[in-house]
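Engineer: Once you've had a glance at the structure underneath, I'll fire off some questions.
The values are calculated or read from the model by the stated rules, or taken from the named source; none is laboratory data. Keep in mind that this is a model prediction, so the values were computed, not measured. So basically every Cβ, Gly included, is an ideal-geometry build from the backbone, and we count neighbours across all protein chains shown.
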Amino acid sequence: MAKYKVVITDREYENIDNELRILAELKDVEVQDYQYRDEEEVIKVAKDCDALIIQYAKATKKVIDALDHCKVIAKYATGIDGIDIAEATKKGICVTNVNDYCADEVSTHAAALLLDVVRRTQEFNSRVKGGQWYRMGMKIPSLRESVVGVVSFGRIARAYIDKIKPFCSQIWVYDKFVSEEDMVKYGVVPKSFDEILAGADYLSVHAPLTEETHHMFHREVFKRMKPSAALINVARGALIKEEDLIWTLANGEIAFAALDVLENEPPQEDCPLLHMDNVIVTPHTAWYSTESQKKLQSTAAEDVVRVLQGKMPVNLVNKELTSLFEVEK
């Protein structure tokens, strides 16, 4: 029987070569690789594990309570929604994420969606391939003369702003945790949430998913936006109440949506968003590049190794557990 048991509950990657190479540093380790997201299945295979690596599976209170001697739950993601942090902390289980990756990829994807919404490249492509050449009539406003709103002013949002600055004269930003002075220094216009809703022609969402931001975009919020506005979301699907967005788009409360994330993933075939001409959907791939995937897989495994070796993980989420580790000199 191996000294350490590491369970990977689920993953969307072709292989776990990076993880196996890194986890081999533990010398005597058994790695069990599954595709389980169901709570009971996760408990069954992970009950006696020393470390748990998860992607879409949820580490609920029930799951965490069932872990006999797990020391670390590592998530293949930046967001840690789906993990009961308080319960993990109570049991002395470190929770880690992958903090410093994919900012360039996500911001580039958001910029690509913005440019596609503005210039309607996908629609023109479909028309040409359908036998229709250029015809006047489609209204395309100037991006230079439009207002681009950004919700949040974190690392990815700033990378996005850097990329769209050459195209835009007016970039408005809402983030109640950042001072107006810092925003002005960055060359953007600080606005309240109400102001950005009322004034933005294109609104790009980069907020984290918390209890406060869950469904921050709902029917009444959409009604305060311009009927000509477009909403872009590359952050978290549950920031938007999906049924309200569908109603909003169907009733012309806003004009367009470009989404890399959905509240329910993958969507059902009959999801109305997949059948609306004024919606672009990409399959939660904003984070992806070959380089970012490698870093994502490697970082989760590296922090597992550190914890099981008695060292502080680099990406410790529940900082309350810092005292478990000696300060490295």
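Engineer: Pick from T285, T322, T299: which is farther than 15 Å from I53 by Cα, of a type in the set (V, I, T) and assigned to a helix (DSSP H, G or I)?
Structural biologist: Among T285, T322, T299, only T322 is farther than 15 Å from I53 by Cα, of a type in the set (V, I, T) and assigned to a helix (DSSP H, G or I).
Engineer: Can we say V188 is free of Cβ contacts under 8 Å to residues at least 40 places away in the same chain and either buried (at least 17 other Cβ atoms within 10 Å of the Cβ) or over 23 Å from the mean Cα position of the chain (by Cα) (or both)?
Structural biologist: The answer is yes for V188.
Engineer: OK, next. For the range 202-221, enumerate the residues that are surrounded by fewer than 21 Cβ atoms within 10 Å (Cβ to Cβ) and not hydrophobic (A, V, I, L, M, F, W, C).
Structural biologist: If the condition is that a residue be surrounded by fewer than 21 Cβ atoms within 10 Å (Cβ to Cβ) and not hydrophobic (A, V, I, L, M, F, W, C), then P208, T210, E211, E212, T213, H214, H215, H218, R219, E220 are the ones that fit.
Engineer: Right, here's the next one. So how many residues does the range 296-329 have that are touching a residue at least 24 places away in the same chain (Cβ under 8 Å) and crowded, with 16+ Cβ neighbours inside 10 Å?
Structural biologist: 18
Engineer: Quick check: anything in the range 113-131 within 26 Å of D194 (Cα to Cα) and among the polar types (S, T, N, Q)?
Structural biologist: no
Engineer: Select from the range 11-60 the residues that are of a type in the set (D, E), part of a loop (DSSP other than H, G, I, E, B) and out of contact with any Asp or Glu (no Cβ under 9 Å at 6 or more places or on another chain) and write down the one among them that is surrounded by the most Cβ atoms within 10 Å (Cβ to Cβ).
Structural biologist: D50
Engineer: Looking at the range 81-93, can you tell me whether even one residue there is in contact with a Ser or Thr (Cβ under 9 Å, 6 or more places away or on another chain), surrounded by 15 or more Cβ atoms within 10 Å (Cβ to Cβ), acidic (D, E) and at pLDDT 95 or above?
Structural biologist: Yes, that holds for at least one residue.
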